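What follows is calculated from the coordinates using simple rules that are stated; it is not laboratory data. Since the model is a prediction, treat every value here as computed from it, not as a measurement. Counting neighbours? That spans all protein chains shown, and the Cβs are built from the backbone with ideal geometry, glycine included.
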Amino acid sequence: MAEVEMRARRVDMVIVGAGFGGMYATWKFREMGFDIVSIEAGGDVGGVWYWNRYPGARCDLLSVDYSYGFSDEIQQEWSWSEQFASQPEILAYANFVADRLDLRKHYCFDTRVTNARWDDARQLWVVRTDRGDVFEARFCIMSTGPLSMPTDPDIPGIARFGGTLLRAAKWPHQAPDLAGKRIGVIGTGSSGMQIIQTLGRTDCQLFVFQRTPSFTLPMRNRALDDAYQDELKRNYPAIRAACRQNPTGGARPVSTRPFFSLPAEHRRELMEQAWAHGGHTFLGIFSDLMTNQQANDQVADFVREKISQTVTDPRLAERLLPRGYPIFARRPCLDTGYYETYNLPNVHLVDCLEDPIVEITQTGVRTRSGETELDVLILATGYDALTGAMLSFEITGREGRPLAGKWADGPCSLLGIVMEGFPNLFMTTGPNGPAALANIITISENDVDWIADLITHMNRTGQGAVEAGLPAEEAWMERVRALADNTLLMKAKTWWVGSNIKGKPQGMLMFTGGFHKYREACEAVAASGYGDLVFEARAETGPAHTPEAATAAQ
Ligand code: NAP
């Protein structure tokens, strides 16, 4: 052990992840003068967009919102071609930012963190990787992403499959030739739907293994013309400011109008308009869709009516109708002709509620009623969300306490950023923050800026370590729970509450009060002089102080 420690490289900060959170952290702390090393399991930048190269992958947040606001040069130089950008365009954007800001030189790619251990006496983190690196750092930033740990379904026989097995979340860089093949897709969440609506229109026989039908709304994507781009670029400061005031961290309209405050015809008219307009407009036309079951039921009925009108075979339509949970209590998808796909003769639905999957065989998928032979099987079965990445390696805090122990009953933190017992370890878009419920880039910028201000405060006041105070952390967790309990969100089985993973503690994993309220809570902690945090003065034996520039360059 002592021998390995001898080879440790001392830095000010280790940043884990090259998604949008890790990239922004890398830039921010580099500009502040920190000596940083950034670590990424993938071969390049982009995070989830580096891995998810499946056919039809696309972001269903507006591209204008789903982009950095911290650099005016970047937002002026980059132009989005579509209202909702495709994966290749988002990955190109991530690469553009990495080039423009010269971020890659800080990264160890194709490298996984295997262990991070806090050394109480020396007030630093000892971080090890699967390449044998050892870094010692005063600070550790975990930008590991809420959706970065894909999971296989608990179906026996996956390893036995003799055809081509593909995973949506780990799609091969060399696109596989799927023409003329018999393809099975397991999973009809956001990833599965995008694959189905794309592959269904190609030369193949597509078999969709659907367990829970998801609600989806029309995306109605469109190209962005030059005039629109110019207008956008003129107004970026106002757009970014609006995003920071918005519950979604995007520029989506928000309504204060309860559903039943309007007469039935007017409600219908608004729903028709939202359907025709596309995108997430629907979520912005009434204020109480997630708190009023009757209102939610009526909107769900409206969407089910649209599905029934779209799918020509009434028996098939019936099987595609989502039931048994409130609309929007599972992540709503945006589609382009998803239901129309089922009218095509080469697309076949296997209803796994009626006819459950029994096993994967060497030649296909066997359900109770028989086997479907396949050349290709695609798993679009989701993620061990929010906690999966952080618990995939050993993190040990004060007095040798493992993170897995602290989170045994579910993740807890203050603001999804800091934790009691884990000093100088910060998360961006972590559990108990808004994470995947709002625009991840807006949250990342908020979180990194908040951490940067806190570190500046520590350096000015001679502090060596900081962690969340236990009472503040418990109060935050209570707020997270109470907010979720007051909504319909807990009425659905979803990765939002951990129910997609066997044995995972159940409970809302995110702050559901909206990005704007979350940002206000972050600001309140800072404005109080960080009274909710516990500081420890810098130890004599602690790491050398970060450079003067670290406090000056903001
Ligand atoms: P997901 O929403 O968790 O969907 C997983 C799917 O796999 C579900 O349909 C699930 O069915 C099914 N499944 C799991 N185990 C199964 C089994 N044993 N048998 C049959 N079916 C099984 O995962 P995802 O589609 O990857 O999406 C995850 C999140 O990523 C999204 O909610 C979204 O936040 C993000 N995402 C966004 C976009 C976008 O912006 N457009 C695209 C892709 C992903 P059950 O529901 O019955 O469990």
Cα-derived Rg over Rh, computed across the range 179-288 with Rh taken as Kirkwood radius: 1.08
Along each of its three principal axes, how wide is the spread of alpha-carbon positions in the range 97-136, in whole angstrom units, largest first? 39, 21, 11
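Remind me, what semi-axes does the range 294-358 give for its equivalent ellipsoid, largest first in whole Å, using sqrt of 5 times each Cα gyration tensor eigenvalue?
21, 16, 11
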Whole-number percent relative contact order across the chain, with pairs defined as alpha carbons under 8 Å at least 6 apart: 21 percent
Assign unit charges at the C-beta atoms only (+1 for Lys and Arg, -1 for Asp and Glu), then state the dipole size of the range 3-65 relative to its Cα centre in Debye, rounded to the nearest 20. 100 debye
Compute the angle between helix 87-100 and the longest alpha-carbon principal axis of the chain, please, reported from 0 to 90 degrees and rounded to the nearest 10. 20 degrees
Report relative contact order for the range 10-96 in percent, whole number only (criteria: Cα-Cα under 8 Å, sequence separation at least 6). 28 percent
Which value in nm describes the separation of the simple spin-label points at Q309 and L344, placed 7 Å from the Cα toward the beta carbon? 2.4 nm
Dimensions of the range 203-353 along principal axes (Cα, Å, largest first)? 48, 41, 25
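Show me the ranking of peptides 442-451, 482-491 by mean Cβ neighbours inside 10 Å, starting with the highest.
Working: 442-451: 24.1, 482-491: 16.8.
The peptides rank, most packed first, as 442-451, 482-491.
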If you project the alpha carbons of the range 268-389 onto their three principal axes, what span does each projection cover, largest first, in Å? 50, 41, 24
Please give the peptides 523-530, 365-372, 282-289 ranked by average Cβ packing (other Cβ atoms within 10 Å per residue), highest first, as a rough proxy for protection. 282-289, 365-372, 523-530
Which value at 222 nm does the chain reach when only helices count, each DSSP H run of 4 or more adding -39,500 (n - 2.57), with the total divided by all residues and rounded to the nearest 500 deg cm²/dmol? -9000 deg cm²/dmol
As an exercise, find the ratio Rg/Rh for the range 5-69 from alpha-carbon atoms, using the Kirkwood inverse-distance average for Rh. 1.09
Relative pair counts by distance (%), Cα atoms of the range 368-518, 5 Å bins: 2, 9, 16, 20, 19, 14, 8, 5, 4, 2, 2, 1, 0, 0
Rounded if a/c is under 1.5, else prolate if a/b beats b/c, else oblate: with a ≥ b ≥ c from the C-alpha gyration tensor eigenvalues square-rooted, which is the range 184-224? oblate
Please state the equivalent ellipsoid semi-axes for the chain: what are the square roots of 5 times the Cα gyration tensor eigenvalues, largest first, in whole Å? 40, 27, 23
Ordered by packing density, taken as the mean number of other Cβ atoms within 10 Å over each peptide's residues, highest first, how do 347-355, 499-507 rank? 347-355, 499-507
Can you give me the Kirkwood hydrodynamic radius for the range 55-142, using every pair of distinct Cα atoms, in Å to one decimal? 15.9 Å
Angle between the chain longest axis and helix 264-277 axis [Cα atoms, degrees, rounded to 10]: 70 degrees
Find, among the trypsin sites (Lys or Arg not before Pro) in the range 305-352, those assigned to loop by DSSP (not H, G, I, E, B) with at most 15 other beta-carbon atoms within 10 angstrom. R323
On Cα atoms only, tilt of 293-310 relative to the major axis of the chain in degrees: 50 degrees
Before anything else, pin down the relative contact order of the range 316-388: Cα pairs under 8 Å, at least 6 apart, normalised by residue count, whole percent. 14 percent
Quick check of the Kirkwood formula: for the range 150-240, what is the inverse mean of 1/r over all pairs of different Cα atoms, in Å? 16.6 Å
Cα atoms only, the range 481-528: Rg and Dmax in Å? 13.3, 41
Go through G180, M193, F209 and say which Cα lies farthest out towards the positive end of the charge dipole of the range 163-212; charges sit on Cβ, +1 for Lys and Arg, -1 for Asp and Glu. F209
